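For reference, the structure is listed below as structure tokens.
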Amino acid sequence: LPTEEFENSDYRANDGRRCYFCKQTLYSSIALHRDRLGFRTIVNGTNCDDLGDYRPGLIAAEEHEVRSPLVEAGFHKQDVRQLAREWNIPIWDKPASPCLSSRVAYGVEVTPQRVERIDAGERFLRELLKVKELRVRLEAGELARIELPIEHLIQLTDPQVRQQVVDYFLQLGFNCITLDLAGFRSGGFNSRLEQNDLVRLTTMPRQ
């Protein structure tokens, strides 16, 4: 389903409400098809573990009366994986892969070019290092901050591997390439939001 979130200046501004504006665009587009096809309800894949993190997109879901069957059934991520395994779904253990725009630091404009650069960097590292879960985060000044599981950090101490990464990331357009010694972690940028921002963003006026 084609959407046009990059046409929304509020989305591109990336001030912490990006996910809200993205989901507003998505659910509005889906609603048009729902009505045309005669469906009554829109559902999403939110599970109970998602409720413990900062997710302004859930506000957009509420505004569009989108239901979350996994939450209603009390399913956590591990429950979903276990059931998928029992049903022989081959991707039951596929690592989580949040929106690539979430790799862009708050306050840095989200653009298609930056998202494509992040995607290319992550694909390269997965192939080179044989790592499933990692992140390439974009900081101000086109700085790449690489997050790897702690046990894989040592791989980048190999001079040849390190140089391959540097050369490729410079080719992509990053100005500086860094390795985060704290390792891989989900929601890495949410910790930078002030508590007042979290309150403001989770009590946004309904449209």
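Worth pointing out:
- Some residue of the range 111-128 being surrounded by 17 or more Cβ atoms within 10 Å (Cβ to Cβ), within 16 Å of Gly183 (Cα to Cα) and of a type in the set (A, V, I, L, M, F, W, C): yes
Yes/no per residue for (1) among the aromatic types (Phe, Trp, Tyr); (2) surrounded by fewer than 16 Cβ atoms within 10 Å (Cβ to Cβ); (3) closer than 16 Å to Cys19 by Cβ:
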| position | (1), (2), (3) |
| --- | --- |
| Leu37 | no, yes, no |
| Thr41 | no, yes, no |
| Gly45 | no, yes, yes |
| Cys48 | no, no, no |
| Leu51 | no, yes, yes |
| Tyr54 | yes, no, yes |
| Ile59 | no, no, yes |
| Glu62 | no, yes, yes |
| Pro69 | no, yes, no |
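- Total residues in the range 102-139 satisfying the condition of being of a type outside the set (Lys, Arg), assigned to a helix (DSSP H, G or I) and modelled with pLDDT of 95 or more: the figure is 14.
- Meets criteria (over 30 Å from Glu142 (Cβ atoms), in a helix (DSSP H, G or I) and among the hydrophobic types (A, V, I, L, M, F, W, C)) for Ile89: no
- Asp35 being assigned to a helix (DSSP H, G or I), modelled with pLDDT under 90 and not hydrophobic (A, V, I, L, M, F, W, C): no
- Any hit, the range 148-158, residues being under 28 Å from Asn14 (Cβ atoms) and loosely packed, with under 11 Cβ neighbours inside 10 Å: no
- Test: residue in the range 49-67 that is closer than 30 Å to Ala13 by Cβ, free of Cβ contacts under 8 Å to residues at least 60 places away in the same chain, in a loop (DSSP other than H, G, I, E, B) and among the hydroxyl-bearing types (Ser, Thr, Tyr): no
The values are calculated or read from the model by the stated rules, or taken from the named source; none is laboratory data. Note that the structure is predicted; figures quoted are calculated from it, not measured. Note that we place each Cβ from the backbone using ideal geometry, even for glycine, and neighbour counts take in every protein chain shown.
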